[in-house]
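Here's the structure we're looking at; comments come further down.
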Amino acid sequence: MSFAEEKPIYLQIAEKIEDAILSGAFAEDGQIPSTTEFSVNYKINPATALKGVSLLADSGILYKKRGLGMFVSPGAKKAILENRKKDFFESYVRTLLNEAKKLNLSKDEILTMIEEGCCNE
């Protein structure tokens, strides 16, 4: 994994774990790699790996089994999807709507642009 410079590494670790949950690589109630494994595999500080994992544990995506490690919480996939949809709306859709308002674009014009963008790829 290569890390983007514009985002803290611990956030990128958390995103990669979420991506793995969404793809099914880490199943609900399944164990994830240890923070030591993350730090060795990605050549990062163990504290950085721990911070990313702890972020997900604090949000209920992961849970700890004492003496065994971290596991994916039941319902994690659904929670990740809901959170990402909210983030997508706030980061992209709201920005699009604000710009469309400045340009006096109608709903139909926006939808036409989106449809054209989807079909032209």
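What follows is calculated from the coordinates using simple rules that are stated; it is not laboratory data. As the structure is a computational prediction, the values presented were derived from the model and not from experiment. Positions of Cβ are backbone-derived with ideal geometry, glycine not excepted, and every protein chain shown enters the neighbour counts.
Between Asn83 and Glu6, the FRET efficiency estimated from the beta carbon spacing at R0 = 22 angstrom works out to 0.60.
Longest segment of the chain with no trypsin sites (Lys or Arg not before Pro) in a DSSP loop having at most 16 other Cβ atoms within 10 Å? The longest uninterrupted stretch comes out as 67-121.
Loop-located GluC sites (Glu not before Pro) across the stretch 1-77 with a Cβ neighbour count of 10 or fewer within 10 Å are Glu5, Glu6, with loop assigned by DSSP. Roughly speaking, what is the stretch gain from Arg66 to Ala25, that is 0.36 nm per residue apart minus the C-alpha to C-alpha distance, in nm to one decimal? Computed gain between Arg66 and Ala25 is 12.5 nm.
Measuring nothing but how far apart in sequence close Cα pairs (under 8 Å, 6+ apart) lie, relative to its length, the chain scores a relative contact order of 23 percent. Under the simplified labelling scheme, the Glu115-Asn45 pair shows an inter-label distance of 5.2 nm, with each label point 7 Å from Cα along Cα→Cβ. So what is log10(I(q)/I(0)) for the stretch 1-114 at q = 0.16, 0.19 1/Å, when the Debye sum runs over its Cα atoms only? Reported log10 I(q)/I(0), two decimals: -0.77, -0.96.
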